[in-house]
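Here is the structure we will look at, set down as structure tokens.
The values are calculated or read from the model by the stated rules, or taken from the named source; none is laboratory data. Quick caveat: nothing in here was measured; it's all calculated off a predicted structure. Heads up, the Cβs are rebuilt from the backbone with ideal geometry, glycines too, and the neighbour counts pull from every protein chain shown.
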Amino acid sequence: MPPPAPPTGVFPQPLRLAGNGSSRQLRCRVLQSPLAGVSDRIFRGLVRRWAPDALLFTEMVNATSLELGFGVQKVAGLATETGPIAVQLFDHRPAAMAEAARRAEAAGAFWIDINMGCPVPKIARKGGGSGLLRDPDLAARIVAAVAAAVELPVTVKTRLGWCGGSADPVGFARQLQAAGAQLLTLHGRTREQGFKGGADWAAIAAVKRELRIPVIANGDITSPEAALNCLAITAADGVMVGRGSMGAPWLVGQIDAALSGRPVPATPTATERLELAGEQLRALVAAKGDRGLLIARKHLGWTCQGFAGAAELRHGLMRAATADAAHQLLARAAAALQADAAWQAAEAALRLPQP
Ligand SMILES: Cc1cc2nc3c(=O)[nH]c(=O)nc-3n(C[C@H](O)[C@H](O)[C@H](O)COP(=O)(O)O)c2cc1C
């Protein structure tokens, strides 16, 4: 028998989190970020096609809504999905977060993540999401309460601080670590920045240097090159991809391949992207009825980019009153692309030198 091949890639070893009785191991160092209104079960299914081992997240789930029952669909059926899926929770009350974490654990979460970065005013004003950046003691109490409530690892996703002047990302991260957070994902922007400006990867590097627990770098990872560049600057234990994957569910898989030393899968062609858009629309309408069309519109807008006629197609899709009308537009765009390709092939043949 030949000896086993030596490990290759940027991270030869899996990432292990001990948990509090239930340990977890990640073979893939690219994480798909939680995206409210985007990272639902159907989106996760598409990402999974290219990234079988990546950690995916639910959309953020409000602890109270889980308790009252109307957030349940966000975690329902987790155990039937393939691959690791973490549940991200938000709230400002430690006891409610602990209870929600128990429910998420029972629903099949891979681990429990706590949102300490959401900038939405109605959440932050109550003290949840990025509001916790202004109350590190409460943030630490929430981590401790959740960690004591479940056997799974508990992680935190946060930002560099509330605003530039007051930001102390290292101090905040140390406090979360001491409270029991087993991994920290750091978005390299402050709450004040929202999504503007470039992510500060050097600031993530400074936090990584000071922590014992793994740090995942987040912000502006939009390609395999960006991921490698970010890892070179931050020395982080992995990267998390957010907006770059919207309309591009293949991106996480492409980055995983690049980090693992495997050939990077090709970006789907325009025709394949149109097929994917149609598939996502069909699945959303099947799962959510008429509301599925509304949800699908934004995905279709992101996916239908970068080919002749894409702008007109997007314009039509945003106005399509029914799913059937949207499917017809997609079919017409695919036929136009095919006709265009046939025309170009004929033209190229005519240009061939004659014997
Ligand atoms: C539409 C949208 C929804 C988001 N929802 C969440 C969320 O539910 N939880 C969370 O922690 N971050 C959320 N984020 C932030 C992203 O996860 C990520 O941290 C941020 O976009 C920075 O990464 P990027 O530059 O790769 O996009 C959201 C961002 C966007 C654009």
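Among the residues of region 231-247, the ones that are in contact with a strand residue (DSSP E or B) (Cβ under 9 Å, 6 or more places away or on another chain) and more than 10 Å from the ligand (Cβ to nearest atom) come to 7 in all. A single entry from GLU81, GLU151 fulfils the requirement of being touching a residue at least 12 places away in the same chain (Cβ under 8 Å), farther than 24 Å from VAL215 by Cβ and of a type outside the set (Ser, Thr, Tyr): GLU81. Take the conditions away from the ligand (no atom under 16 Å from the Cβ), within 20 Å of LEU35 (Cα to Cα) and outside the structural domain of ALA181 (by TED's automatic domain parsing) and apply them to ARG291. Does it pass? So ARG291 fits the description; yes. Of the residues making up region 85-99, those that are farther than 17 Å from PRO34 by Cα and of a type outside the set (Lys, Arg) number 7.
Could you tell me which residue of region 208-220 is surrounded by the fewest Cβ atoms within 10 Å (Cβ to Cβ), considering only residues that are out of contact with any Ser or Thr (no Cβ under 9 Å at 6 or more places or on another chain) and not in a loop (DSSP other than H, G, I, E, B)? The qualifying residue surrounded by the fewest Cβ atoms within 10 Å (Cβ to Cβ) is ARG209. The residues of region 50-73 include none that are in contact with a Pro (Cβ under 7 Å, 6 or more places away or on another chain), away from the ligand (no atom under 13 Å from the Cβ) and not hydrophobic (A, V, I, L, M, F, W, C). Where helices (runs of 4 or more DSSP H) fall entirely within region 95-207, those with at least 1 residues that are within 29 Å of THR82 (Cβ to Cβ) are at 136-149.
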